[in-house]
Amino acid sequence: MLAVALIIVCQFDVRYHDFLQSSRSEALIVGLTQGRHEISQFADDPIVLWFWRSSTSDPEADSLLKQVAMRRNFHLSAVLRWEAKAAGDYEQAMGKLHLASHFDSLAIENFLSFLVLAVRSRRTEPLVAALALPVFTDFRSQVFLITNLIIVLFQAAFMAGFIYVAAKTIYYLPMLSHRIDLQPHNRFKGLIGLALLLLPVLAFRNFFLIFLSYAALLVFVLTARERNWLRFICLALIALFIVSLPLHNLIDFLQKRSRSYLLYEMVHYDSGVAFGSINDSERIFEAYAYKQRGELERAMSLYEAMYYEGHREIGIVNNLANIYLLYSADARAETLYNYAMRVGTHGEPFFNMWLLKLRNLEYSESSRYMAEARRRGYSSAISEPQDIAPSTSDCYRFFHSERISLFHSVNPVFLFSIIALLVLTFLPFRFSMPYYCETCGRAICHKCQDENTGEAVCQECFARLKSTENVEMETRLKHSVVKRHYCMRLFIAYLINVIVPGSGLIYIGKNFAGIAFVFIVMLAYAPLLFPSLLARPAGWVSLPLAPVFLVIAIAVGFIAYVSTFFTLRNYHGD
């Protein structure tokens, strides 16, 4: 475990790798082991602290690391989550996750790991720690959530359509099997047709192909209202396909395969990523990254090139002024700060001007600028010039400039098949009436029917009703047969509703409520049913999310079961 941890940690920074290869690392570990040095002597050196912690698991190193201020470090945070995943008790896992969030407070993995620990341990402390993390302001976290939201919405919409088609197929199955069965009409009518109707399930074993097969068949038997719901499902899937077009780029970002991720990593993480910018949008990110690394000359050359080319964005002006201040070019820095204070609403230029005036012993002026910075909602305990980082909107602007591949996210066959199904729903052809016996509900055709007081009934019901010469007895017999048929329908509705809450409502004709319930349930069930389809960023390390998904699915499923069965019960009482 320690060897793997060291391999991962060696990736996090060139400086750490160089430290491991140097003779200083050997001398330090010998000195610390023999007691000639105390680890507290290196409280401000995260490289030495992490080296000692990785070598000895010294808890004092953990406590010192929690106090070290450093840029976000993805790899150190991942190692600590991995250790929390293998921790033997709650306290140990909680400590590891706290340290992981110290190294990268914006990582969505830390937030989710705290949630898993809260569910697994049934305690509120991890939940409070999770809610204290500002993960939703981070661009990577937002991309992760947007990507998986699109995927889950697509899955839920498709499964809602699939369940709608399945419920309607079960409802119309007797009539469909009767229509395609070539044997003479008898008591066993429909067995051959039923076998033929099951062929798509046995042959394809694919949800999408089964959906298309039965949906195309149902087009010829659905009522006008039911066809409208099928059209709505097709339109919803086409709309989601359009929404999913950026999905390929989103996944490329999460998998570190895009230029936008390299820029994001340079700006936000403690890493040695090298990047050659090709336009001004990229240079803004690159210059800020060099400034954060301490490569002031490279940062200043990029900022000055953009400034003299006419770029007067507040971030460029403020950050260039900060570099001038570090080089003691106070006059040039003050000119740029004044410009930044005039054109922007940020508090950083006022704070930086406060530092400049304070350094020049202009106390009254410095107090005025500090008061203005606080009025604008900015203050810092660090007495150093504060840069303005590229915002999340800047990240989105650059991300949207990347080319979108039309058919890399979802197979185009899906889109064309759904469009073909949508067109099919507008065909005027439908199977001829009657569909069912209005007494017993059995599927019939013109050859099998007779009329009884204007109602189409099968020959068996006709003979049974006419065998009673008493009108009152005929009414009671008809009521008994209808009730038996109604109870069978309701039994089937209860049965399929057990499988998926809401499908029973679709079966009895409450399409809007049924589809809504199925869609909401599938939103909760999708991460459990199709976990491999969820997008995970490269280097994903987190506590297993199954407990969180399971709790959500149980809660949503319970509410859906109670609501749908209550609705079915009310329908039974009507």
Within the stretch 413-442, how many residues turn out to be of a type outside the set (Val, Ile, Thr) and modelled with pLDDT of 80 or more?
11
Could you count how many residues in the stretch 491-519 are part of a helix (DSSP H, G or I) and surrounded by fewer than 18 Cβ atoms within 10 Å (Cβ to Cβ)?
9
Among helices (runs of 4 or more DSSP H) entirely within the stretch 267-360, at least 2 residues that are surrounded by fewer than 21 Cβ atoms within 10 Å (Cβ to Cβ) and of a type in the set (Asp, Glu) occur in 280-293, 296-308, 330-343
Of the residues that sit in the stretch 538-555 and are assigned to a loop (DSSP other than H, G, I, E, B) and open to solvent by less than 30 Å² (accessible area, probe 1.4 Å), which one is farthest from residue 79 (Cα to Cα)?
545
Residue pairs within 7 Å by beta carbon, gap of at least six or interchain, first lying in the stretch 124-137 and closer than 17 Å to residue 99 by Cβ and open to solvent by 60 Å² or more (accessible area, probe 1.4 Å), second of a type outside the set (D, E, K, R) and outside any helix (DSSP H, G or I), listed first then second, are none
Looking at residue 293, is it farther than 29 Å from residue 404 by Cα, basic (Lys, Arg) and without any contact (Cβ under 8 Å) to a residue 24 or more places away in the chain?
yes
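Let's see how each residue does on (1) within 14 Å of residue 238 (Cβ to Cβ); (2) under 26 Å from the mean Cα position of the chain (by Cα):
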residue: 373; (1), (2): no, no
residue: 378; (1), (2): no, no
residue: 381; (1), (2): no, no
residue: 386; (1), (2): no, no
residue: 397; (1), (2): no, yes
residue: 401; (1), (2): no, yes
residue: 405; (1), (2): no, yes
residue: 423; (1), (2): yes, no
Residue tally, condition in a loop (DSSP other than H, G, I, E, B), open to solvent by less than 10 Å² (accessible area, probe 1.4 Å) and in contact with an Asp or Glu (Cβ under 6 Å, 6 or more places away or on another chain), over the stretch 49-107:
1
So which of 251, 238, 233 ends up being crowded, with 21+ Cβ neighbours inside 10 Å, β-branched (Val, Ile, Thr), over 30 Å from residue 328 (Cβ atoms) and modelled with pLDDT of 85 or more?
233
Exception for residue 239 within (1) over 29 Å from residue 149 (Cα atoms); (2) without any contact (Cβ under 8 Å) to a residue 40 or more places away in the chain; (3) of a type in the set (Gly, Ala, Ser) falls at (1)
Quick test of your reading of the structure: residue 379 fulfils all but one of (1) touching a Pro at 6+ places or on another chain (Cβ under 7 Å); (2) in a loop (DSSP other than H, G, I, E, B). Name the failing condition by number.
(1)
Here are some residues: 230, 263. Which one is over 26 Å from residue 214 (Cα atoms), in a helix (DSSP H, G or I) and touching a residue at least 12 places away in the same chain (Cβ under 8 Å)?
263
Considering 566, 558, which residue is closer than 23 Å to residue 168 by Cα, over 16 Å from the mean Cα position of the chain (by Cα) and surrounded by fewer than 22 Cβ atoms within 10 Å (Cβ to Cβ)?
566
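The values are calculated or read from the model by the stated rules, or taken from the named source; none is laboratory data. Given the structure is predicted, the values throughout are model-derived calculations rather than measurements. Virtual Cβ from ideal backbone geometry, glycine too; neighbours counted across all protein chains shown. Remember, those area values only see protein heavy atoms, side chains included, never the ligands or the DNA or RNA. Shrake-Rupley method; radii C 1.70, N 1.55, O 1.52, S 1.80 Å.
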